[in-house]
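> Have a look at this one.
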Amino acid sequence: MGKNAGKICFVTCVNDERWYEECLLYLKHLRMPPGMEAEFLPVRGAESMCSGYNTGMHASDAKYKVYLHQDTLVVNKDLVRDLLELFSEETIGLVGVIGCRSLPRSGVWWDGLRTYGRVLHACEPESVVDSMCRQPEGAYIEVEAVDGLFLATQYDIRWREDLFTGWHLYDTSACMEMRRRGYRVVIPNQEEDFWCIHCPKEKPLAQEYKGYQKVFLREYGTELHPEV
């Protein structure tokens, strides 16, 4: 079906209604450019992030989609305008808010030498950490991988639920799939103002992460060009 360029859809895997309510509150206060409408698509009971996102992707005819965690609060009220400006360049397939210029051999973006972007982390009620990495020289910088707390796309590319059957590395995989198709992954300049607050619970890296790391490196390892 033809994609509706006048619509942006926000897709979220939900397992905590209170968080999603909060997330929605912010999304519903975004300013919409003339001729644009927003759609909000919660996916409940997803078996994995990829399968949930595929469900959301197929359920909407919106050309533009934002896949975000239920505990991500979008504070940039002009988010949609900013995304449309970036996506006016047809080679840009995916926009994230924090990530790395080139993936290290581990395939884990935060191990990368040059991390870019900015997110406010509110892990505890009383503490907010401004995670500010390097900022692009211009409006954006092309990167190899971004974090899954916020992923905006203008092309529908299948999430690899055949490989990533859990909650890890689906984001880096999405970046690799975009790049396989010749699209660029970018992070905007957020020097003046950050786009998102992320409120994750601090927890150790899950055991299964290592397993998905192996899957990731088997699939994409030969495509990595780590900086040394």
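Values quoted throughout were computed directly from the atomic coordinates according to the rules given, and no laboratory measurement underlies them. Note that the structure is predicted; figures quoted are calculated from it, not measured. Glycine also receives a Cβ, built like all others from the backbone with ideal geometry; neighbour counts cover every protein chain displayed.
> Please name all residue pairs, on different chains or six or more residues apart, with Cβ atoms under 7 Å, provided the first residue is in the stretch 162-182 and is without any contact (Cβ under 8 Å) to a residue 40 or more places away in the chain and the second residue is surrounded by fewer than 16 Cβ atoms within 10 Å (Cβ to Cβ).
Within 7 Å, the pairs are Glu177/Ile157.
> Next up: Step by step: first the residues of the stretch 62-108, then only those that are over 15 Å from the mean Cα position of the chain (by Cα) and hydroxyl-bearing (Ser, Thr, Tyr), then the one that is nearest to Arg158 (Cα to Cα). Which residue is that?
Thr91
> As an exercise: evaluate Glu124 against (1) surrounded by fewer than 17 Cβ atoms within 10 Å (Cβ to Cβ); (2) touching a Leu at 6+ places or on another chain (Cβ under 7 Å) and give the number of the one condition it does not meet.
Only one criterion in (1) surrounded by fewer than 17 Cβ atoms within 10 Å (Cβ to Cβ); (2) touching a Leu at 6+ places or on another chain (Cβ under 7 Å) is unmet by Glu124, namely (2).
> For the stretch 59-108, how many residues are among the polar types (S, T, N, Q), closer than 12 Å to Val185 by Cβ and surrounded by 22 or more Cβ atoms within 10 Å (Cβ to Cβ)?
0
> Enumerate the strands (runs of 3 or more DSSP E) found wholly within the stretch 1-100, keeping only those where 2 or more residues are under 18 Å from Tyr183 (Cα atoms).
The strands (runs of 3 or more DSSP E) meeting that bar are 62-68, 92-96, 98-100.
> From the set of residues in the stretch 4-29 that are among the hydrophobic types (A, V, I, L, M, F, W, C) and more than 18 Å from the chain's Cα centre (by Cα), which is surrounded by the most Cβ atoms within 10 Å (Cβ to Cβ)?
Ala5
> Residue check: is Glu192 over 15 Å from the mean Cα position of the chain (by Cα), touching a residue at least 40 places away in the same chain (Cβ under 8 Å) and more than 21 Å from Gly52 (Cβ to Cβ)?
Taking the combined requirement at face value, the residue does not satisfy it.
> Looking at the stretch 109-126 only, could you name the residues that are more than 16 Å from the chain's Cα centre (by Cα) and over 16 Å from Phe194 (Cβ atoms)?
Within the stretch 109-126, Asp111, Gly112, Leu113, Arg114, Glu124, Pro125, Glu126 qualify.
> For the stretch 1-15, which positions are within 16 Å of Tyr67 (Cα to Cα) and of a type outside the set (Phe, Trp, Tyr)?
Hits for the stretch 1-15 are Lys7, Ile8, Cys9, Val11, Thr12, Cys13, Val14, Asn15.
> Is it true that Val129 is closer than 24 Å to Asp71 by Cα and without any contact (Cβ under 8 Å) to a residue 60 or more places away in the chain?
Spelling it out, Val129 is indeed closer than 24 Å to Asp71 by Cα and without any contact (Cβ under 8 Å) to a residue 60 or more places away in the chain.
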